[in-house]
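Trainee: Before I ask anything, here is the structure I am working with.
Values quoted throughout were computed directly from the atomic coordinates according to the rules given, and no laboratory measurement underlies them. Keep in mind that what you see is a predicted model, and the values were worked out from it rather than measured. Reconstructed Cβ throughout: ideal geometry from the backbone, glycine too, with neighbour counts over all protein chains shown.
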Amino acid sequence: MANFFRLRQRRPSMEHRRKMKEYLYASQKSIFASALNFKDSIAPQALPSLLILAVWTALFAVLNKQFNAQITLASSLITLLSTVLSLLLSFRSNQSYDRFSEGRRLWGQLTAQLRNISRAGVTGLSVTRTAESHKRAQKIISFCVAYAYAVKHYLRAEFDPSQWADMAEYMEVLDFAAVSTKPKTAAKDLVEMADDSGLVARQIANTGETELVSEHPEKLPFRIAQALSRHLSLCVQDGLATLLPHIQGCENVLAQVVETTGSLERIACTPVPKPYNILLRQMLLIYCFCLPFQLYKDLGYWMIPVIFLVSYCLIGVEMIARQIEMPFGFDASDINLDELCHSFKVEMKILAASYV
């Protein structure tokens, strides 16, 4: 129980508290303070493109002034381009935010389903109150935490086990065999065998030596789901899970977990078609480069800051859409999966500590 109260008193990270404070008190923040927040805006990323456009605009103005040239384009052309560009940008930004919003909703749904599995699994094993049932219940909780981390790494295409440092404490629970070095001799026999968790390892028979080399499948979450299902079946088979409706409920929720993971996979593995992105950026550049032809006659050199601001608005919207279209990455605007997984792990540790 001491561990339970110690874990319960653990505070969220400073970064998480800072973000929550900004979110809760956003209405009290001055509009000028938000508008002048250069660090968190899209301006640093858009600045190189804006400088190129500013140089082009200034060069166009100087050449027209120097040679007294009056190069203009029909206003109808700019109107048509702006109409097409507004439609493309509107569709692009809406589509990207829909992906971002759905990704966050699905992750919340996945977390709730894993909570239900751990709750029902622990309750189903709480009747016998033996050392073995306690061990099995702790393993169910560990499976749920490992699954959340595995989904995070899978969505980020982190298939190398060296990138799974945050899962290190759960590798033993998942019964991964240690990754060995290359065999000393060329002669080797590979024998596949299934361990207790349902994961596959290979036994390499050398001259008098036996080594285990683990296979880390790319779709690790689904293998963990298979291992959890096998673990629940063994609990029933060994007579430790006496509340069968709870265990059956775990299996039903586990099927929903796999379905939710498939939806997250669809977002991560289905990018916006390249031709659409290319067309949008082509239209954006054509429009911005054509603005001097339309504005120089009326504004002269004042068109430089005007075009700079207009281009910043258009390019900024496109760059924000590009950031949030893949919500599981490492950009500042992406969903903070590291913080969400850490919070879920702390929550599950509290549950594990309270099960005595």
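Trainee: Net charge around Ile315, counting only other residues with Cβ within less than 14 Å of its Cβ (Lys, Arg = +1; Asp, Glu = -1)?
Mentor: My count for the surroundings of Ile315 gives +2.
Trainee: Next up: Going by Cα centres, the range 49-125 and the range 290-317 are how many Å apart?
Mentor: When both Cα centres are located, 19 Å separates them.
Trainee: Moving to a separate point now. Highest mean first, what order results for 45-53, 60-68, 111-119 on Cβ atoms within 10 Å?
Mentor: Packing order, densest peptide first, comes out as 111-119, 45-53, 60-68.
Trainee: Can you give the FRET efficiency to the nearest 0.05 for Val236 and Ala168, using r as the Cβ-Cβ distance and R₀ = 41 Å?
Mentor: 0.85
Trainee: In nanometres, what is the gap between the two model label sites at Asn68 and Leu299, each 7 Å from Cα along Cα-to-Cβ?
Mentor: Spacing of the two 7 Å Cα→Cβ label points: 2.6 nm.
Trainee: Additional query: What is the calculated FRET efficiency for Leu279 to Phe159, with r their C-beta to C-beta distance and R₀ = 30 Å, to the nearest 0.05?
Mentor: Taking R0 as 30 Å, the efficiency between Leu279 and Phe159 is 0.40.
Trainee: Counting Lys +1, Arg +1, Asp -1, Glu -1, what net charge surrounds Leu125 among other residues with beta carbon under 13 Å of its beta carbon?
Mentor: Spelling it out: positives minus negatives among the neighbours equals +3.
Trainee: Order 288-297, 142-151, 74-83 from most to least packed using the mean count of other Cβ atoms within 10 Å.
Mentor: Answer by packing, highest mean first, reads 142-151, 288-297, 74-83.
Trainee: Just want the ordering: Ser86, Ser162, Ser343, from fewest to most Cβ atoms lying within 10 Å of their own Cβ.
Mentor: The fewest-first ordering by Cβ neighbours comes to Ser162, Ser86, Ser343.
Trainee: Under a crude label model (7 Å from the Cα following the beta-carbon direction), how far is Ser41 from Trp56 in nanometres?
Mentor: Distance between label points: 2.2 nm.
Trainee: Another one. Just list whichever of Lys39/Lys297; Lys219/Lys345; Lys219/Lys349; Lys65/Lys274 have alpha carbons separated by over 29 Å in the model shown.
Mentor: Where the Cα-Cα span goes over 29 Å, the pairs concerned are Lys39/Lys297; Lys65/Lys274.
Trainee: Continuing with the same structure: Residues of the range 307-338 with backbone nitrogen within less than 19 Å of a virtual label 7 Å along the Cα-to-Cβ line of Ile286, please, listed as ranges.
Mentor: Counting only backbone N, you get 311, 314-315, 318.
Trainee: With a 10 Å Cβ neighbour count serving as the proxy for reagent exposure, in which order, fewest first, do Trp164, Trp302, Trp107, Trp56 appear?
Mentor: Ordered by Cβ neighbours within 10 Å, fewest first: Trp302, Trp56, Trp164, Trp107.
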